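Worksheet: the structure to be examined is printed underneath.
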Amino acid sequence: MPTIKLLKRAELELIDACEWYEKRQKGLSVRFRREVKDALDHLNLHPEPYTIKYNADHRFVQLKKFPFVVVYWYDENLNTVFVTSIFHTKRDPGKFEFE
């Protein structure tokens, strides 16, 4: 199983989203974090089958109930999934910066 590493931007986006959801409804951030964790757990088992978009290296996993995608690239040599962003799907994709 690969190692999962959240890069700094992904960590900050996760924190921001959790704070936003918790302000809207108590406990909603827990549901959001659980869904992100489920997506990361699935990536840990199956990092390769997800769609590559916009860039030859980045793949996108759509969350089931929240309007976010987990953006990552998988380094087979290091056996590591690098999560570069937890991106809100209502944001302009043109503002996404690939790392």
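Numbers at a glance
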read-out: Residue within the range 58-80 that is of a type in the set (Phe, Trp, Tyr), part of a strand (DSSP E or B) and touching a Pro at 6+ places or on another chain (Cβ under 8 Å) present; value: yes
read-out: Residue tally, condition closer than 25 Å to Glu76 by Cα and free of Cβ contacts under 8 Å to residues at least 24 places away in the same chain, over the range 1-13; value: 2
read-out: Residue in the range 45-87 that is nearest to the chain's Cα centre (by Cα), counting only those that are open to solvent by 30 Å² or more (accessible area, probe 1.4 Å), modelled with pLDDT of 90 or more and more than 15 Å from Thr3 (Cβ to Cβ); value: Gln62
read-out: Hits in the range 1-23 (condition: loosely packed, with under 14 Cβ neighbours inside 10 Å and at pLDDT 95 or above); value: Lys8, Glu11, Leu12, Ile15, Asp16, Glu19, Trp20, Lys23
read-out: Any pair with Cβ under 7 angstrom, 6 or more apart, that starts in the range 14-32 at a residue that is closer than 16 Å to Lys64 by Cα and acidic (Asp, Glu) and ends at one that is open to solvent by 100 Å² or more (accessible area, probe 1.4 Å) and modelled with pLDDT of 95 or more; value: none
read-out: Residue match in the range 24-44 (condition: in contact with an Asp or Glu (Cβ under 9 Å, 6 or more places away or on another chain), open to solvent by 50 Å² or more (accessible area, probe 1.4 Å), part of a loop (DSSP other than H, G, I, E, B) and at pLDDT 90 or above); value: no
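The values are calculated or read from the model by the stated rules, or taken from the named source; none is laboratory data. Here the structure is a predicted model, which is why all the values come from computation and not from measurement. As a convention, Cβ positions derive from the backbone with ideal geometry for all residues, glycine included, and neighbour counts pool all protein chains shown. The accessibility values were calculated without ligands, DNA or RNA, using every heavy atom of the protein model including side chains. Shrake-Rupley method; radii C 1.70, N 1.55, O 1.52, S 1.80 Å.
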